[in-house]
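Below is one structure, written out as structure tokens, with a few remarks after it.
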Amino acid sequence: MNKLDFLEELRYYLRNLSSQDQKEIIQDFEEHFEMGRSEGKTDEEIVRSLGSPQQIAKDLQSTQQYEKVPANHSAQNQSPRIGIIIGLFFFNLIIVLGPSIGIAGTILGIWVVAFSFVAQLFIAGFQWIIHPESFYLFELFASITLAGSGLLIFIVINYVTNAAIRIFSKYIAFNVRLVKGEDRA
Amino acid sequence: MTAQFKKGVLELCVLVLLDKQDFYGYELIKRITDKIEISEGSVYPVLRRILKQGYCTTYLRESTEGPSRKYYHLTDEGQDYLLELKEEYEKFTRGVDSLMKEENNE
């Protein structure tokens with residue numbers, strides 16, 4: 001990779017920074033190449049010791065979030081996080097908690113329905129054994145149909161439950177990430 | 001963690017050097033890479049970060065050879081920050097050292 005390739009790649013990965021930032025960064029690297037050349041290094045050598053432009057761009061992107069932060073760093077590093085925690089707490093309490101309980105309740109209810117649909121087949125069978133004289137074939141078929149649909153509901157609700165758990169754990173992880181502020185480099 | 005850790009230490013190195021005198025980017029990088037094995041490109045993000053946080057300022061100075069160079073100068077806030085970082089770093093290395101000693105004694 002030569003100088004142009006390097007700068008081109010760097011520019012590509014920095015494309016969402018402001019043009020002012022991009023210009024300054026590219027200038028820094030132009031200067032670096034100039035200095036390296038004056039020491040008799042080839043562009044390839046300079047590029048090799050600079051490292052991956054993608055990684056450099058990633059590091060540069062993470063500096064962006066410091067821009068709006070005022071100079072006194074020790075106290076205010078904590079305060080926005082406390083704000084996030086309080087905000088998150090009330091958001092979860094007011095907006096997320098109710099619907100979550102509702103959805104969880106619905107899912108539980110459907111499980112119970114599916115289970116009872118299947119279970120009633122055994123009860124029907126039991127009844128047939130004890131009181132065969134008062135048992136109609138129609139009831140048996142109705143019972144089997146119900147049990148069959150119970151099994152189908154099982155399949156569907158199992159899928160839905162897994163999806164709900166996945167979404168829920170992702171949401172929890174997202175909350176934890178927000179609170180920890182992991183994106184800060 | 002490792003990348004994060006390296007970044008923190010690198011920031012400390014940059015600040016320590018700038019505390020002694022003003023440097024231009026290339027010279028600063030050479031000083032660091034003489035002692036520590038890192039990719040040279042990773043120093044520029046650190047410089048930009050401390051610049052944006054107000055820990056240093058830059059100025060251009062003509063040089064006898066080649067184009068004018070961008071020098072970095074540590075501000076008062078930068079010096080305060082350096083003291084804080086140094087303290088943190090020393091506490092950290094002391095902790096690691098004592099842990100390693102404990103390991104050896106067992």
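What follows is calculated from the coordinates using simple rules that are stated; it is not laboratory data. For clarity, every value in this text was computed on a predicted model and none was experimentally measured. For neighbour counting, all protein chains shown are included, and Cβ atoms are generated from backbone atoms with ideal geometry for every residue, glycine included.
Some observations on this one:
- Distance between modelled label sites at A:ASN2 and A:VAL113, nm, 7 Å Cα→Cβ extension: 7.0
- Here's the picture: charge each Lys and Arg Cβ at +1 and each Asp and Glu Cβ at -1 in the protein assembly as shown, and of A:TYR13, B:PRO45, A:LEU121 the one pushed furthest to the positive end of that dipole is A:LEU121.
- Whole-Hz couplings from phi, Karplus 6.51/-1.76/1.60, listed for region A:49-63; x for Gly and Pro: 7, 6, x, 6, x, 5, 5, 4, 4, 4, 4, 5, 4, 6, 6
- Bins of 5 Å, starting at 0 and running to the largest distance - Cα pair percent for chain A: 1, 6, 9, 9, 8, 8, 7, 7, 7, 6, 6, 5, 5, 4, 4, 3, 2, 2, 1, 0, 0, 0
- Only helical runs count toward this figure. For the protein assembly as shown, summing -39,500 (n - 2.57) over DSSP H runs of n ≥ 4 and dividing by all residues gives -25000 deg cm²/dmol at 222 nm.
- Bridgeable lysines around B:LYS70 (alpha carbons under 18 Å apart, same-chain partners fewer than 8 residues away excluded): A:LYS23, B:LYS20, B:LYS30, B:LYS52.
- Under the Karplus curve 6.51 cos²θ - 1.76 cosθ + 1.60, θ = phi - 60°, whole-Hz ³J(HN,Hα) for region A:114-129, x wherever Gly or Pro sits: 4, 5, 5, 4, 6, 5, 5, 4, 5, 5, 4, x, 4, 4, 4, 5
- Using a simple spin-label model with pseudo-atoms 7 Å out from Cα toward Cβ, B:LYS86 and A:GLU139 lie 9.1 nm apart.
- Couplings for region A:163-173, taken from phi via the Karplus curve 6.51 cos²θ - 1.76 cosθ + 1.60 with θ = phi - 60°, read 4, 4, 5, 4, 4, 4, 5, 5, 5, 4, 4 Hz in order; Gly and Pro are left as x.
- Using the Cβ-Cβ distance between B:LYS101 and B:HIS73 with R0 = 41 Å, the FRET efficiency computed as 1/(1 + (r/R0)^6) comes to roughly 0.55.
- Protection proxy ranking of A:52-60, B:56-64, A:148-156 - average other beta-carbon atoms within 10 Å, highest first: A:52-60, A:148-156, B:56-64
- Under 5 Å from the amide H of B:TYR24 lie the amide H atoms of B:TYR72, each residue being 5 or more positions distant or on a separate chain, with H modelled from the backbone and absent for Pro and chain starts.
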